[in-house]
Amino acid sequence: MRHQSRITRVELGRVSRRGAWWGPLRSALAVGISVGMGLGFAGVSEVRAEPPARCVTAVAGPADAPFVLPEISDGVLILEIHVPQGADPAAVGALTSVLERHKLRATVLVSPEFIGPGTPLLRELVKKKHEVGLLLAASTLPNPGVNPTLPPGMKPPPGMQPRGPGQLILNDWLPVLQEPVRALRLVTGKATDAVAIDALSGGAEQAFEAMGVRAVLPLDPDEPGPARVLRSVDGQPARGRVLPANAWSDGCGPSLPAWTPVALDRASALVATKPALRLALPLQGADPALLDRWLREVVEAKGWKVLPASEAAARVRSLGATLGRVDTAPAVEAPGRFVSKDALLGAAAVLADAQRLPRRLPGDLSLTEAALGLMAVLVDPAAEGHRLPAARGPSELARGSVPAGAGPSAEELRAAVAELLPGMRGTLPGVVSVGAYQITINELVVILAQAALGRPLVIAEHAPPDPYAPDLGWGLSGAP
């Protein structure tokens, strides 16, 4: 059963990331409520901007050397540009201009001190659809202090997070973080969806989640993986994701160690990393012409995708990644059974009006079967029935972020489902991308039912059959 926090009533996990959330949150936290946090890194003085010298030496070589074209065909990249205090805006623009020529978007992470001097550049980057986030140093965040050692057999207080010593008081942290977030929003007009930090603590995770950050990018290559959910203050399902840069086995980390073809080959060889390979493009010694050649001869030639960090974080959710959780659901046998279109439309009639999603539906369909079947109906409405793929229900209880009453167009839903359905195997995702929306699987199955019945698509929050079951009560698809 989910851990009960002492500040459940504050509803921190449901704080709006777009509205005036700070006033009521500050009032609720004024009593000095404390929750557990992870290890603090007060000794870190600055964000490391340069790779170790040994890494530069290891990837040295002529600038005109041919690239090694790997066999990987499904690569996904996050191209980061880290902008410290005093960086030259022209150097940033030179790299982003190359990406724009290839219709690609960068994740530009700026230090708080750069925001003022870099205002013209940042506004231009937002216009060009790049993602602009923050580059933070752990030393600028509050010192969390140290927890006393608990006596043997004593359980930690409710709300205590499982990572390291320390005590977090959110009203010490949030004002420190809100200042650069507010400054960046005044310049860009956008929420801060991506944050990079040199040393990630459990307390920072909780604060980022309370503020609605979507993607947290640890700069430490030793940050453990795989990609996972952020820790939340109240124990509710988190929206944000931690995307470690732990694909690099040589200790050089995600920053391109040198502007050489060999260094870019090092990244190409690891591009199959899931959900995406993080590659930071350094400003010092930048070679836009080399970047242009690599994008043309390798990235475009192989058909790899380049995503902003927040979209890569959403991809973690839509792919149904395990995120470090143990999947206790039983194995799924394949192939699944054939279900008639009439049976699926009967299930749609129940789902379209349901408040809590039912465990079983007409035709003895599980909720998993109904979702997969209605997706198939949307893709191929003329078929009399569909053979359902093997799958189990979602393992992650996701939270909706779409305003009540909003919804995608029928065309957006159909396009998203056509892309998603071939990959719907194993565990269903907690969240899927539909047009500009990030929709939970609970919301998706209902709008699929609405679409099947020809009704308007209206997103509303729906509770799963059993939020404490490993598959949330969705059941299996796979019994012949």
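The values are calculated or read from the model by the stated rules, or taken from the named source; none is laboratory data. What you see is a predicted model; the values in this text were computed from it and never measured. Because the Cβ atoms are built from the backbone with ideal geometry, glycine has one as well, and the counts that use them run over all protein chains shown. The accessibility values were calculated without ligands, DNA or RNA, using every heavy atom of the protein model including side chains. Shrake-Rupley method; radii C 1.70, N 1.55, O 1.52, S 1.80 Å.
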message = Conditions first: (1) closer than 28 Å to Arg231 by Cβ; (2) of a type in the set (Asp, Glu); (3) in a loop (DSSP other than H, G, I, E, B). Glu443 passes all but one, so which condition is the exception?
response = (3)
Region 412-439 residues that are more than 14 Å from Leu388 (Cα to Cα), paired with ones that are among the acidic types (Asp, Glu) and not in a loop (DSSP other than H, G, I, E, B) (beta carbon under 6 Å, 6 or more apart) = Val434/Glu412; Gly435/Glu412
query = In region 160-210, which residue that is surrounded by fewer than 22 Cβ atoms within 10 Å (Cβ to Cβ), at pLDDT 85 or above and polar (S, T, N, Q) is farthest from Glu124 (Cα to Cα)?
reply = Gln178
note = Of the candidates Gly405, Gly373, Gly385, the one satisfying the condition of being within 23 Å of Gly475 (Cα to Cα) and surrounded by fewer than 19 Cβ atoms within 10 Å (Cβ to Cβ) is Gly385
request  = Write out, first by first residue and then by second, each pair whose Cβ atoms fall under 9 Å of each other, whose residues are 6+ apart or on separate chains, and whose first residue, in region 199-224, is at negative phi while the second is in a helix (DSSP H, G or I) and polar (S, T, N, Q).
outcome  = Ala199/Ser139; Met211/Gln178; Val213/Ser310; Arg214/Ser310; Ala215/Ser310
ask   = Among the residues of region 259-273, is any at pLDDT 85 or above and of a type in the set (Phe, Trp, Tyr)?
value = yes
inquiry  = So if I check each of Leu121, Leu104, Leu95, which one is closer than 22 Å to Glu300 by Cβ, of a type in the set (A, V, I, L, M, F, W, C) and more than 23 Å from the chain's Cα centre (by Cα)?
reply    = Leu95
message = Anything in region 388-402 that is under 21 Å from the mean Cα position of the chain (by Cα) and open to solvent by less than 40 Å² (accessible area, probe 1.4 Å)? List them, or say none.
response = Gly393, Pro394, Ser395, Glu396, Leu397, Ala398, Arg399, Gly400, Val402
ask   = Are any residues in region 290-306 open to solvent by 30 Å² or more (accessible area, probe 1.4 Å) and not in a helix (DSSP H, G or I), and if so, which ones?
value = Gly303, Lys305
ask   = Just one of Gly454, Gly405, Gly435 is modelled with pLDDT of 85 or more, on the phi > 0 side of the Ramachandran plot and of a type in the set (Gly, Ala, Ser); which is it?
value = Gly454
inquiry  = Tally up the residues in region 364-392 that are among the charged types (D, E, K, R) and part of a strand (DSSP E or B), please.
reply    = 2
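State yes or no: is Arg241 in contact with an Asp or Glu (Cβ under 9 Å, 6 or more places away or on another chain), modelled with pLDDT of 85 or more, buried (at least 24 other Cβ atoms within 10 Å of the Cβ) and over 14 Å from Thr273 (Cβ atoms)? Quick ask: steps written out before the conclusion?
Details: in contact with an Asp or Glu (Cβ under 9 Å, 6 or more places away or on another chain): no; modelled with pLDDT of 85 or more: yes; buried (at least 24 other Cβ atoms within 10 Å of the Cβ): yes; over 14 Å from Thr273 (Cβ atoms): yes.
No; evaluated as a whole, the condition is false for this residue.
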note = Subset of region 347-363, residues open to solvent by 30 Å² or more (accessible area, probe 1.4 Å) and in a helix (DSSP H, G or I), comes to Ala349, Val350
task = Can you confirm whether region 426-440 contains a residue that is open to solvent by less than 20 Å² (accessible area, probe 1.4 Å), small (Gly, Ala, Ser) and part of a loop (DSSP other than H, G, I, E, B)?
result = yes
request  = Run Arg455 past the list (1) in contact with a Leu (Cβ under 7 Å, 6 or more places away or on another chain); (2) under 14 Å from Ala352 (Cα atoms); (3) surrounded by fewer than 16 Cβ atoms within 10 Å (Cβ to Cβ) and report the number of the one that doesn't hold.
outcome  = (1)
